Amino acid sequence: MSNTNIRIAVQKSGRLSDDSLKLFKECGIKFESGGSKLRSISSNFPIEFLFLRDDDIPGYVEDGVADLGVIGLNVLEENKKDVEIVKELGFSKCRLSLAIPRNEIYTDLSYFEGKSIATSYPNLTNNFLKSQGVNAHTHEISGSVEIAPSIGLAEGICDIVSTGGTLLSNGLKEVAEVFKSQAVLISNKSLSPDKKILLDKLTFRIDSVQRGQNAKYVVLNAEEKNLDKIIALLPGMKSPSRVPLAENGWYSLHSVISENDFWEIIESLREAGAQGILVLPIEKMIL
Ligand code: PRT
Ligand code: ZN
């Protein structure tokens with residue numbers, strides 16, 4: 001057994017931190033976080049956490065100061081660091097969008113021709129405009145982008161949107177999506193073989209947690225005459241389990257269904273004669 005530790009950089013405090021910490025805790029990794037702590041070594045997995053500003057994470061991973069990192073795809077793509085994207089993590093979802101004052105009339109992207117756009121994401125914004133054949137000037141600012149039009153700094157903005165509430169309260173409307181983002185796990189491009197093994201162990205655990213989050217465990221009762229129809233609707237991990245009930249001619253079926261088409265399957269199951277349907281969360285799903 002080697003003594004190698006893998007080092008991961010996560011955001012200290014912000015929109016990525018809570019879900020990042022939750023994910024690693026759900027992976028069964030124990031560590032301390034919070035307060036003024038800047039690093040923490042796990043007591044039950046060979047991993048060390050560094051708690052940093054999100055903007056510094058891609059550079060640290062590129063340089064090998066950290067082996068892994070959790071970062072928003074928007075920050076990564078804007079700064080183009082030479083790192084590997086290991087997997088999408090499915091949280092901190094948002095979009096980079098163009099927005100203009102609410103009372104302006106907007107038809108299409110040609111609206112931005114010759115106009116000025118304030119943004120903290122000049123590279124993503126310029127690449128998008130260029131790909132759409134629009135010539136506009138971007139004005140880079142580091143924060144409070146939403147007030148740029150009202151103070152006369154720019155005619156439009158390109159900023160991160162999640163609920164749209166910030167745009168609304170600043171008298172702006174979203175008119176075009178430039179880039180879709182979510183948190184991703186990144187890795188240094190030249191991990192040692194020992195560290196690669198640890199990364200594989202970690203991604204195996206993350207996959208199991210994510211699969212569990214995307215699936216539900218379903219238990220239902222069915223009369224023998226309806227069994228074939230109902231089983232055809234239930235994929236299961238292999239095939240559904242079938243257990244006879246104490247009452248003759250009745251069975252209990254156990255299966256796993258995907259969160260995506262959950263309601264459609266439940267409706268079809270009821271139509272096919274399923275009764276007493278129980279739906280339970282799955283903590284982890286190991287394949
Ligand atoms: O201090 P540090 O540098 O570490 O953090 P930060 O302030 O730079 O980043 P932080 O914590 O705000 O965001 C980290 C990452 O979360 C971003 O890079 C995105 O990948 C992701 N994310 C998800 C968001 C949002 N949702 C979001 N809503 N990042 C920013 N916002 C801001 C946006 O800039 C705008 O001001 O929220 C406002 C819009 O939100 P809505 O809900 O009103 O539309
Ligand atoms: Zn930041």
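The values are calculated or read from the model by the stated rules, or taken from the named source; none is laboratory data. What you see is a predicted model; the values in this text were computed from it and never measured. Here Cβ is always computed from backbone atoms with ideal geometry, including for glycine, and neighbour counts include all displayed protein chains. Note: areas computed on protein heavy atoms with side chains; ligands, DNA, RNA excluded. Shrake-Rupley method; radii C 1.70, N 1.55, O 1.52, S 1.80 Å.
Here are some notes:
- Scanning segment 136-165 for residues that are open to solvent by 30 Å² or more (accessible area, probe 1.4 Å), away from ligand 2 (no atom under 16 Å from the Cβ) and not aliphatic (A, V, I, L, M) turns up H137, T138, H139, E146, S150, G152, E155, T163, G165.
- Residue check for K22: assigned by the TED database to the domain that holds S208, open to solvent by 30 Å² or more (accessible area, probe 1.4 Å) and part of a helix (DSSP H, G or I): yes
- Restricting attention to segment 117-174, the residues that are within 23 Å of L16 (Cα to Cα) and aromatic (F, W, Y) total 1.
- When S36 is tested against (1) modelled with pLDDT of 95 or more; (2) small (G, A, S); (3) within 16 Å of ligand 1 (Cβ to nearest atom); (4) surrounded by fewer than 19 Cβ atoms within 10 Å (Cβ to Cβ), just one condition goes unmet, and that condition is (1).
- Selection over segment 1-47 of residues that are over 17 Å from V209 (Cβ atoms) and of a type outside the set (D, E, K, R) gives a count of 20.
- Criterion: assigned to a helix (DSSP H, G or I), more than 30 Å from F112 (Cβ to Cβ) and touching a residue at least 40 places away in the same chain (Cβ under 8 Å) - qualifying residue of K195, K284, K216, K189: K195
- Some residue of segment 63-75 being more than 15 Å from ligand 1 (Cβ to nearest atom), in contact with a helix residue (DSSP H, G or I) (Cβ under 6 Å, 6 or more places away or on another chain) and open to solvent by less than 60 Å² (accessible area, probe 1.4 Å): yes
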